[in-house]
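In what follows, a single structure is set out as structure tokens and then discussed.
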Amino acid sequence: MRLFLDKLYSSCGIIAGAFILLITLLILTQIIARWFDVVIPSVEDFSGYFLAASSFFALSYTFKAGGHIRLTLLINRTQGTTKKTLTIIAMLVIISAVSFATFYGAIFVYESFIYDEISQGYIPIALWIPQSSMLIGVVVFLIALVDDLVMILQGIEPNFIEEES
Amino acid sequence: AGTKWDMPTPYGDGVHHTKNIRLFAEDIKKATGGELNIVVHSGASLIKHPEILRAVKSSQVQIGEIFMGLLANDNPIFKADNIPFLAPNFDAAKKLYAASKADVEKHLAKQGLKLLFAVPWPPQGFYTKKVINSVSDIKGMKLRAYSPTTSRLAVLLKATPTTVQTPEIPQAFSTGIIDAMVTSPSTGVSSQAWDFVSNYTDTQAWIPKNMIIVNSRAFKKLDKKIQSAVLDAAVKAEARGWEMAQQETSAKTATLKEKGMKVSKPSDSFQKELQLIGKTMGDEWVKETGDSGKVIIKALK
Amino acid sequence: MDISNLIIILSAVLFVSLLAGVWVAVSLFLVAFIALLLNDNSNIGLLWATTTWGATATWTLTALPLFIWMGDILLRTKLASDLFFGLSPWLARIPGKLLHVNVLACAIFAAVSGSSAATAATIGRMTIPELTKRGYKLKTIIGSIAGSGTLGFLIPPSIILIVYGVSAEVSISRLFIAGVLPGLLLIILFMGYIAIWAIINHDQMPQDESDNIKISFFKKIYQTRRLIPVIGLIVFVLGSIYLGWATATEAAALGVFGSLFLSLITGNLSFKVFVDSLLSATKTSCMIIFIIAGASFLSLSMGFTGIPRILAENITTIGLDLWQLIFVLTIFFMILGFFLDGISMVVLTTSVILPVVKAAGIDLLWFGIYVVLVVEMSQITPPVGFNLFVMQGLTKINILKVAQYALPFFFLLLFAIILLSIFPQIATFLPQLMVDNY
Ligand code: NA
Ligand code: NA
């Protein structure tokens, strides 16, 4: 299980990185194509989708690496049970927010799907496809958060706390 | 207490559309004695243009304004006012609107939306670095394309369609990424086109419209009296908006001239060449739309 | 609900949430959520989803991860340290020495990037480790980068000037030109401050004498050769914009390509460097975009509650004279800047403020530059200041400390606003030349 979860987060990180690489390649292609008077359609749409995909896929990976920032100044002045309680409260707040995001993210994508929402640019794209990246990213993020909360409750210090100091 | 509606619009306060919407909101406030208060959020300050339709549809806001052509991928009927030289003056544009309105309303109704009114932009003209007197002058130019229709237009003009995002247009002109674009005198003035391009050819290529849509459920929730106040205000706003668009056309074209741009009308022979291209694109559009397109083309004749 | 009560509640929520150690993005989300709740919005969930999608799936942000990646590649090659090696003989005799690299590098990079967060992230990534290695105090390094990173908005291209130009209907190319002299003014102020600070606080500068050894002019030139690759890269990216190969957004991709190419020919590129730099950039950009998403939800909720609009309306009805108006607006933007990101600040208030500004006889071009300066200040004020977030992301030093380190630069920006108000020509002179030459 531990191995599977860690693999999940790191794969999401690699996917997120791949999307940034894709944006680079896409834009470079557009620049070169312009020299030859060729139009690559919907580059701005696709780079936008790739950016969203990268950002959402990277959420869990970044969290595990302690990349998301917060003010630890008060927490770091406390110790023992107080510190643990404060950390648990912060975790509960973020878990509630991300649960909210998961629920409405799902409704959002589902509505795009049943109402056949399509993009307004050059190439019509069924919007639920790029939007799924938001949902998947948020779901994995939620898993990662619950994973760390469980660790804290078990008395194990999760990686992000170590990375923060 | 009264009802408050939030209304996102995409364009800034200087554009006649936004001025008209603000008057529309005021009219309703007056007519209902403050029972319905529409708060206008101009310039995409609340919700960005691509998301406004969705926001109205799913009751995130009750009412909004969008560019009709934005729905072209959903239904080709929304492309009607973007086909070059199909309805190249305000009278024809009115006819086109009347002929396509039923189809537009039907499509919107399916999505739980109600069309309140539509107001045109000034007719579209060519902004070019060099003077153009015929289609052959456009040949080889890099023409800004932002939709399949404008891209097709570029191809038929034997120009190279080039995509550039709106905020990057000035830089794209001055560095030679593009050397021509088609847009209205309004956009020309609001982006101060004279800083980066020197010729405006008033081809009256097409007259696109913005539409004001309301969420049907939100509308039905209003008292009958307020509903009719909204509809009355909409009729008034539509008439006013078309007037404003015509005034805007002459005022903004004059501004272009004042600021030192070379403003010209295309010669008859140039106009004929352009109409030929318009015919091709009109035929292609009818193929796409089927019967509804045929009816509209017939109404225009 | 009474607006002042609403403001008090929301600020309290923000401060408690941030101090309790809730992640910054989530704290912003929380405030927005409660604002919408108190505003009786019935559809908060979908509003969140629509706004978040719109804010993240957008072309305008694509340059951000690419520029960050470029910085990460340069960091992992010897190019970043070459930059310092090449510059050190020239800066050795100037008080403040290599700290000036932060200002200069940010200024040069600002000519490529339109965003201040990208500028701080890219340059900070390269210079923080190098300057630390050379014995400079972290607080001076961080303060100067957080401060000079704000140049990203003033020196063209600039996202804020584009947003302002669109809403005020002022020519974007003129705004860009108007930003040049104020940009130079800021560079001079920043470097001047660093020099004076270094003279006064001589003991806090690295005492390494190797920098002070007098070397001959020719040796200096010879050592400067190490600058060639980095200068070449900058010229390449800048040139691509001005030669019309690429738009300002696309230039970021050329920056990545150029830095990969450089590291390849200098023998620094390996698969590990490639993957490490990419993943590190992915994390940094995810951190920033996560907060941008929270900030845009907050901005949406401010649109619904109308707080910025109502405050701005109050200012416009007091009936102030010109100087009072500028003074009150500066305070207003400063306070708004504590809580909102720059773009939201401009978008949410221009439609109320611009008519008054126009009526007061203020040149809208000048006002655009003024707005950029107040937005720059907001980048380095807590709790919501994107340059602070970037610095915490890079150094793990918390945003309040970073803000404290950057405080002198906040006052320098304020001083620049005063200068700009007394001498409006600083902004209007160059665009005026452009009109005259038309
Ligand atoms: Na810049
Ligand atoms: Na701030």
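The values are calculated or read from the model by the stated rules, or taken from the named source; none is laboratory data. If you're wondering where the values come from, they're calculated on a predicted model, not measured in any experiment. With ideal geometry, Cβ positions are generated from the backbone for all residues, glycine too; neighbour counts draw on all protein chains shown. Heads up: the accessible areas ignore ligands, DNA and RNA and are worked out on the full protein's heavy atoms, side chains in. Shrake-Rupley method; radii C 1.70, N 1.55, O 1.52, S 1.80 Å.
Can you name every residue in the stretch B:48-60 that is more than 7 Å from every other protein chain (Cβ to nearest Cβ) and surrounded by 24 or more Cβ atoms within 10 Å (Cβ to Cβ)?
If the condition is that a residue be more than 7 Å from every other protein chain (Cβ to nearest Cβ) and surrounded by 24 or more Cβ atoms within 10 Å (Cβ to Cβ), then B:I52, B:V56 are the ones that fit.
Being at the interface with another protein chain (Cβ under 10 Å from one of its Cβ atoms), part of a loop (DSSP other than H, G, I, E, B) and of a type in the set (A, V, I, L, M, F, W, C) is the filter; apply it to the stretch C:1-32 and report the residue that is most open to solvent (accessible area, probe 1.4 Å).
In this case the residue turns out to be C:A20.
Consider the stretch C:101-124. How many of its residues are within 16 Å of ligand 2 (Cβ to nearest atom) and touching a Leu at 6+ places or on another chain (Cβ under 8 Å)?
3
Please state which of the following conditions A:P41 fails to meet, knowing it meets all the rest: (1) more than 19 Å from the chain's Cα centre (by Cα); (2) in a helix (DSSP H, G or I).
It is condition (2) that A:P41 fails.
Just to confirm my filter: which helices (runs of 4 or more DSSP H) fall fully inside the stretch C:133-177 and include at least 1 residues that are within 15 Å of ligand 1 (Cβ to nearest atom) and open to solvent by 10 Å² or more (accessible area, probe 1.4 Å)?
Where helices (runs of 4 or more DSSP H) fall fully within the stretch C:133-177 and carry at least 1 residues being within 15 Å of ligand 1 (Cβ to nearest atom) and open to solvent by 10 Å² or more (accessible area, probe 1.4 Å), they are C:151-154, C:159-168.
Tell me which of these C:G183 doesn't satisfy, since it passes every other one: (1) within 14 Å of chain B (Cβ to nearest Cβ); (2) in a helix (DSSP H, G or I); (3) open to solvent by less than 30 Å² (accessible area, probe 1.4 Å).
(1)
Looking only at the stretch A:19-40, count how many residues are touching a residue at least 24 places away in the same chain (Cβ under 8 Å) and open to solvent by 50 Å² or more (accessible area, probe 1.4 Å).
Number of matching residues: 1.
Any idea how many residues of the stretch A:27-61 are aliphatic (A, V, I, L, M) and more than 7 Å from chain C (Cβ to nearest Cβ)?
7
Which residues, taken from the stretch C:304-335, are within 24 Å of the chain's Cα centre (by Cα) and within 17 Å of B:L46 (Cβ to Cβ)?
The one that is within 24 Å of the chain's Cα centre (by Cα) and within 17 Å of B:L46 (Cβ to Cβ): C:P308.
Quick one: which of A:S119, A:S99, A:S133, A:S165 is in contact with a strand residue (DSSP E or B) (Cβ under 9 Å, 6 or more places away or on another chain) and touching a residue at least 24 places away in the same chain (Cβ under 8 Å)?
A:S119
Could you grab me the full set of residues in the stretch B:65-81 that are assigned to a strand (DSSP E or B) and open to solvent by less than 30 Å² (accessible area, probe 1.4 Å)?
Within the stretch B:65-81, B:E65, B:I66 meet the criteria.
Which of the residues spanning the stretch B:2-40 are facing chain C (nearest Cβ under 10 Å) and either acidic (D, E) or touching a Ser or Thr at 6+ places or on another chain (Cβ under 7 Å) (or both)?
If the condition is that a residue be facing chain C (nearest Cβ under 10 Å) and either acidic (D, E) or touching a Ser or Thr at 6+ places or on another chain (Cβ under 7 Å) (or both), then B:D6, B:Y11, B:G12, B:D13, B:G14, B:V15, B:T18, B:V40 are the ones that fit.
Do you know which residues across the stretch A:61-85 are assigned to a loop (DSSP other than H, G, I, E, B) and touching a helix residue (DSSP H, G or I) at 6+ places or on another chain (Cβ under 9 Å)?
Answer for the stretch A:61-85, where residues must be assigned to a loop (DSSP other than H, G, I, E, B) and touching a helix residue (DSSP H, G or I) at 6+ places or on another chain (Cβ under 9 Å): A:A65, A:G66, A:G67, A:H68, A:I69, A:R70, A:L71, A:T72, A:L73, A:L74, A:T78.
Restricting attention to the stretch C:366-392, and to residues there that are open to solvent by 10 Å² or more (accessible area, probe 1.4 Å) and either among the hydrophobic types (A, V, I, L, M, F, W, C) or in contact with a Lys or Arg (Cβ under 6 Å, 6 or more places away or on another chain) (or both), which single residue is nearest to ligand 1 (Cβ to nearest atom)?
C:F386
Pull up the stretch A:62-78, narrow it to residues that are among the hydroxyl-bearing types (S, T, Y) and within 7 Å of chain C (Cβ to nearest Cβ), then point me to the one that is farthest from A:I15 (Cα to Cα).
A:T72
Just give me the residues in the stretch B:184-208 being open to solvent by less than 20 Å² (accessible area, probe 1.4 Å), in contact with a strand residue (DSSP E or B) (Cβ under 9 Å, 6 or more places away or on another chain) and polar (S, T, N, Q), in sequence order.
Result: B:S184, B:N199, B:T201, B:T203.
Got a sec? Which of C:L400, C:L354, C:L413, C:L348 is within 16 Å of ligand 1 (Cβ to nearest atom) and either over 18 Å from C:G152 (Cβ atoms) or at pLDDT 95 or above (or both)?
Being within 16 Å of ligand 1 (Cβ to nearest atom) and either over 18 Å from C:G152 (Cβ atoms) or at pLDDT 95 or above (or both) holds for just one of C:L400, C:L354, C:L413, C:L348, which is C:L413.
Just a yes or no: is a residue in the stretch B:216-232 without any contact (Cβ under 8 Å) to a residue 24 or more places away in the chain, assigned to a loop (DSSP other than H, G, I, E, B) and touching a helix residue (DSSP H, G or I) at 6+ places or on another chain (Cβ under 7 Å)?
no
Return the only residue of B:I66, B:I77 being away from chain A (no Cβ under 14 Å) and within 16 Å of A:Q120 (Cβ to Cβ).
B:I77
Please name all residue pairs, on different chains or six or more residues apart, with Cβ atoms under 6 Å, provided the first residue is in the stretch B:186-199 and is part of a helix (DSSP H, G or I) and the second residue is open to solvent by less than 10 Å² (accessible area, probe 1.4 Å) and modelled with pLDDT under 90.
From the stretch B:186-199, the pairs are B:D195/C:S171.
So, C:P431, is that one assigned to a helix (DSSP H, G or I) and open to solvent by less than 10 Å² (accessible area, probe 1.4 Å) or not?
Judged against the criteria, C:P431 is a match.
Counting just the residues of the stretch C:348-381 that are within 16 Å of ligand 2 (Cβ to nearest atom) and over 14 Å from the mean Cα position of the chain (by Cα), which one comes out nearest to the other protein chains (Cβ to nearest Cβ)?
Checking each candidate, the answer is C:L348.
Are there any pairs, at least 6 apart or on different chains, whose C-beta atoms fall under 8 Å, with the first in the stretch C:96-119 and within 14 Å of another protein chain (Cβ to nearest Cβ) and near ligand 1 (Cβ under 10 Å from one of its atoms) and the second open to solvent by less than 10 Å² (accessible area, probe 1.4 Å) and outside any helix (DSSP H, G or I), and if so, which?
Pairs that qualify, where the first residue is within 14 Å of another protein chain (Cβ to nearest Cβ) and near ligand 1 (Cβ under 10 Å from one of its atoms) and the partner is open to solvent by less than 10 Å² (accessible area, probe 1.4 Å) and outside any helix (DSSP H, G or I), are C:G114/C:S158.
Hey, can you tell me all the residues within the stretch A:79-88 that are over 27 Å from C:T282 (Cα atoms) and at the interface with chain C (Cβ under 9 Å from one of its Cβ atoms)?
Scanning the stretch A:79-88 gives a single hit, A:L86.
Can you tell me which of (1) in contact with a Gly (Cβ under 8 Å, 6 or more places away or on another chain); (2) within 14 Å of chain A (Cβ to nearest Cβ); (3) more than 16 Å from ligand 2 (Cβ to nearest atom); (4) open to solvent by less than 40 Å² (accessible area, probe 1.4 Å) is the one C:S296 doesn't meet?
(3)
Hey, could you check the stretch C:89-100 for residues that are assigned to a helix (DSSP H, G or I) and open to solvent by 10 Å² or more (accessible area, probe 1.4 Å) and say which is farthest from ligand 2 (Cβ to nearest atom)?
My answer is C:P89.
Surrounded by fewer than 18 Cβ atoms within 10 Å (Cβ to Cβ), out of contact with any Asp or Glu (no Cβ under 8 Å at 6 or more places or on another chain) and in contact (Cβ under 8 Å) with a residue 40 or more places away in the chain: which single residue out of B:K95, B:K130 fits that description?
After ruling out the rest, the residue left standing is B:K95.
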